[in-house]
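Structure first, commentary second.
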Amino acid sequence: MEKEQKLPAVFNELAETLRGISRTSNHLNEKLKSAYTIVATDHPLIRADGRHDDAKGIQQLLNLADRKKGLHIVFPPGLYTLRRPLRLKPNTFFEADNNSRFRKKHHGPMADTRLN
């Protein structure tokens, strides 16, 4: 009789665990739907060839990342030329490949982080 009493408790515990996994899975799916990745060189103003100014295109992506929370910007290998400072907002992040280089070609700071 004792074995029969333990079985419902085990099933209830298993059911609760599965409900928890389902809630977590749904939460992660929602997060994934709201987040997306942009490869910087897919932007028409970003060439990463070392000759053209990439700052305007990068700034446009940074502004988009500020407006659309959860945007992930990836910078593939290349030489990104910056002829003006980038304006970074709080909590703005991007990922650069180990072979990505950012070359500053102006007399200001690399990036301006002052709040507007």
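The values are calculated or read from the model by the stated rules, or taken from the named source; none is laboratory data. This structure is a prediction, so every number in the text was calculated from the model and none was measured. Every residue, glycine as well, gets a Cβ built from its backbone with ideal geometry; the counts of neighbours run over all protein chains shown. Ligands, DNA and RNA are stripped out before the accessible areas are found, and what is left, the full protein with its side chains, is counted by its heavy atoms. Shrake-Rupley method; radii C 1.70, N 1.55, O 1.52, S 1.80 Å.
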Scanning segment 84-106 for residues that are at pLDDT 90 or above and part of a loop (DSSP other than H, G, I, E, B), which turns out least open to solvent (accessible area, probe 1.4 Å)? His106
How about segment 51-83: which of its residues are under 13 Å from the mean Cα position of the chain (by Cα) and modelled with pLDDT of 95 or more? Phe75
Six or more apart or on different chains, Cβ under 8 Å: which pairs go from a residue in segment 58-70 that's open to solvent by 30 Å² or more (accessible area, probe 1.4 Å) to one that's in a helix (DSSP H, G or I)? Could you list them? Lys69/Ser34; Gly70/Lys31; Gly70/Ser34
Considering Thr37, Thr81, which residue is polar (S, T, N, Q), out of contact with any Ser or Thr (no Cβ under 8 Å at 6 or more places or on another chain), open to solvent by 80 Å² or more (accessible area, probe 1.4 Å) and in a strand (DSSP E or B)? Thr37
